[in-house]
Amino acid sequence: MIDRNRVPEHVAIIMDGNGRWAKKRLLPRVAGHNAGMLAMKEIVKVSSTLGVKHLTVYAFSTENWKRTEDEISGIFKLLIKYVDSELDELNENNVKVRILGDYSVIPKAAIDRLEKSLKTTCNNTGLQFNIALNYGSRAEIVRAVNRINRDVKEGILPEDTEVTEELISRYLYTGEENGNIPDPDLIIRTSGEERLSNFLLWQSAYSEFAFTDVLWPDFTPTEYERLIEVYQNRDRRFGGRK
Ligand code: IPE
Ligand code: IPE
Ligand code: MG
């Protein structure tokens, strides 16, 4: 059983295994992404119920453009489908949607839906649901450094600005522009892979990691709660001592 008073404030999930799920069933990869979207729907709901403050999902990486055009367009079509079917309910549940990553380059119809969901939910105060889309952590850090540089040149930051950890944090996607999201307490990756794949490199310095062999479309609220329980049994020291 999980302790309701010690639920992680920020859970980040690398939703992996959609392709293998489909392959096992002799289905096209897009069918796996569709099933994955359904699993995500449920996890957003339970996150709200459990009182998680931030849920960040890795939906599409800067490296995922290496996939076939068919698969990529299928993924963005599903994103549109997700927003169309879920936006009202997300809003009713007081969920605030945010996007991490440069989504300006994704198909126009998907941008429109995303902007609609950002606008509709911007004043909500419940779960903040961060969708990492065309997100890559290295690109995020490079962008932050370039924006600091630009702001110094434009006089937005003083000329003698000293670069600090706090300043870099503020200029990441997880920084000021998205309400200064706290670092993830728990990072989950499904499908048995144990790597970050360019996700939240800076922010995960002291995150707890939980891996499961379950493929993302099979991920259930029960498995989610089990991993939260694993997290609750970890001893987080942050370099200090008891
Ligand atoms: C994760 O599932 C979803 C995205 C990367 C968009 P995959 O598509 O990576 O599934 P596998 O790893 O091939 O099974
Ligand atoms: C990471 O999964 C990206 C997302 C879940 C969106 P990948 O399947 O793309 O990662 P690798 O290629 O196995 O590292
Ligand atoms: Mg994968």
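The values are calculated or read from the model by the stated rules, or taken from the named source; none is laboratory data. Here the structure is a predicted model, which is why all the values come from computation and not from measurement. All Cβ positions, glycine included, derive from the backbone under ideal geometry; neighbour counts span all protein chains shown. Note: areas computed on protein heavy atoms with side chains; ligands, DNA, RNA excluded. Shrake-Rupley method; radii C 1.70, N 1.55, O 1.52, S 1.80 Å.
The single condition among (1) in a loop (DSSP other than H, G, I, E, B); (2) under 12 Å from ALA12 (Cβ atoms) that ASN198 does not meet is (2). Which of the residues spanning segment 49-85 are under 25 Å from ARG4 (Cβ atoms) and not in a strand (DSSP E or B)? If the condition is that a residue be under 25 Å from ARG4 (Cβ atoms) and not in a strand (DSSP E or B), then THR49, LEU50, GLY51, VAL52, LYS53 are the ones that fit. The requirement of being away from ligand 2 (no atom under 16 Å from the Cβ), basic (Lys, Arg) and surrounded by fewer than 16 Cβ atoms within 10 Å (Cβ to Cβ) is not satisfied by ARG98. Of all the numbered requirements in (1) open to solvent by 20 Å² or more (accessible area, probe 1.4 Å); (2) more than 10 Å from ligand 1 (Cβ to nearest atom), LEU50 misses one, and that requirement is (1).
Does at least one position in segment 47-55 carry a residue that is within 16 Å of ligand 2 (Cβ to nearest atom) and under 17 Å from the mean Cα position of the chain (by Cα)? Give the derivation first.
Residues of segment 47-55 within 16 Å of ligand 2 (Cβ to nearest atom): 55.
Restricting the remaining residues to those that are under 17 Å from the mean Cα position of the chain (by Cα) gives 55.
Checked segment 47-55: at least one residue is within 16 Å of ligand 2 (Cβ to nearest atom) and under 17 Å from the mean Cα position of the chain (by Cα).
Condition check ((1) touching a residue at least 12 places away in the same chain (Cβ under 8 Å); (2) farther than 17 Å from GLY101 by Cα; (3) within 16 Å of ligand 1 (Cβ to nearest atom); (4) open to solvent by 20 Å² or more (accessible area, probe 1.4 Å)) across all residues:
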position	(1), (2), (3), (4)
CYS122	yes, yes, no, yes
GLY136	yes, no, yes, no
ARG147	yes, no, no, yes
GLU162	no, yes, no, yes
LEU167	yes, yes, no, no
PRO184	yes, no, no, no
ARG195	no, yes, yes, yes
GLU208	yes, yes, no, yes
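The lone criterion from (1) among the polar types (S, T, N, Q); (2) under 26 Å from ILE2 (Cβ atoms); (3) part of a loop (DSSP other than H, G, I, E, B) left unmet by THR222 is number (3).
Go over the candidates ASN64, ASN34 one by one and state the one that is within 13 Å of ligand 2 (Cβ to nearest atom) and open to solvent by 10 Å² or more (accessible area, probe 1.4 Å). Reasoning before the result, please.
Numbers: ASN34 fails: within 13 Å of ligand 2 (Cβ to nearest atom).
Sole residue among the options that is within 13 Å of ligand 2 (Cβ to nearest atom) and open to solvent by 10 Å² or more (accessible area, probe 1.4 Å): ASN64.
Residues of segment 56-80 that are within 17 Å of the chain's Cα centre (by Cα) and either touching a residue at least 60 places away in the same chain (Cβ under 8 Å) or within 16 Å of ligand 3 (Cβ to nearest atom) (or both): THR56, VAL57, TYR58, ALA59, PHE60, SER61, THR62, GLU63, ASN64, ILE75, LEU78. Counting only residues that are of a type in the set (Val, Ile, Thr), in contact with a strand residue (DSSP E or B) (Cβ under 9 Å, 6 or more places away or on another chain) and within 16 Å of ligand 2 (Cβ to nearest atom), segment 182-232 holds 4 of them. Just one of the listed residues (ARG25, ARG20, ARG29) is within 19 Å of PHE76 (Cβ to Cβ), within 16 Å of ligand 1 (Cβ to nearest atom) and open to solvent by 10 Å² or more (accessible area, probe 1.4 Å), and it is ARG29.
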